[in-house]
């Protein structure tokens, strides 16, 4: 059975800090790893990673995948209060594209 | 461009009742998946519909059933409600035909409370 473990479960930082969120996974026939941001209710897509070692970047957010060690990290630099949210990591397998297995998320709180 | 819409936003039911949740996918998307998210946990996959058929199913009992209509909208039905069914139910759509199955666009969810 596919499995995703995220750490830490929660994190409190101050504006301007840099944070690193971790995601380790076990999946049969890896297809992709995805990061989502969940504020209030609807998760919104951040990144999709399929290849090892290639960093995806969007503004202050970046993510990288290590397929050998089976983990990914999400970095947020110069954090802002608007970054406060639950960050979810999910994996898809080749046999089950779209049947995402999610971790329980990391709750990030950014204080002014 | 309308995103994924779900109705109703909140619902209160009693044990043993039945409930129907509705979802309209993002324009241009042909695949709908349903997830259950309990408080403090990540979304759990219930099932996925494509071309009006259930293509994949997670570890949920037969009390959970669904349907997809020709316009790609979908319903989730839950029979014989249990207290443990209280959760946020999320609908997600994706574009399978164009190879975009991985990236899912989520609706704001239906908060179901079973008393």
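Each reported figure results from applying straightforward, stated rules to the coordinates on display, with no laboratory input. The shown structure was predicted, so the numbers you read here are calculated from the model rather than taken from an experiment. So basically every Cβ, Gly included, is an ideal-geometry build from the backbone, and we count neighbours across all protein chains shown.
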Most exposed first, judged by fewest Cβ atoms within 10 angstrom, A:5, A:19, B:78 run A:5, A:19, B:78
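Order by neighbour count: B:60, B:69, fewest other Cβ atoms within 10 Å first, most last. Intermediate values should be presented prior to the final figure.
Values: B:60 16, B:69 12.
Final ranking by Cβ density, sparse to dense: B:69, B:60.
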Shape descriptor, the stretch B:26-69: equivalent ellipsoid semi-axes (Cα gyration tensor, sqrt 5λ, whole Å, largest first) stand at 20, 14, 7
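Compute the semi-axes of the equivalent ellipsoid of chain B, taking the square root of 5 times each eigenvalue of the Cα gyration tensor, and list them largest first in whole Å. Mind showing how you got there, number by number?
Values: eigenvalues 108, 38, 33 Å².
Whole-Å semi-axes of the equivalent ellipsoid: 23, 14, 13.
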Quick calc, residue A:57 & residue A:94: beta-carbon distance into FRET formula, R0 30 Å, rounding 0.05, result 0.70
In vacuo Debye sum over C-alpha of chain A, base-10 log of normalised intensity I(q)/I(0) at q = 0.09, 0.12, 0.13, 0.14 Å⁻¹, listed in q order, is -0.21, -0.38, -0.44, -0.51
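Can you tell me the length gained on complete extension of the stretch residue A:40 to residue A:7, counting 0.36 nm per residue apart and subtracting the Cα distance? Walk me through the numbers on the way to the answer.
Details: separation 33, 0.36 × 33 = 11.88 nm, distance 2.02 nm.
Here the segment from residue A:40 to residue A:7 would lengthen by 9.9 nm.
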Label model pair residue B:53, residue B:41: point-to-point distance (7 angstrom along the Cα→beta-carbon line) in nm is 3.0
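Please state, to two decimals, what the Cα-based radius of gyration of the protein assembly as shown comes to when divided by 2.2 N^0.38 Å (N = residues). Provide the component values of the computation, followed by the final result.
Details: Rg = 17.5 Å, N = 227, 2.2 N^0.38 = 17.3 Å.
Computed over Cα atoms of the protein assembly as shown, the ratio equals 1.01.
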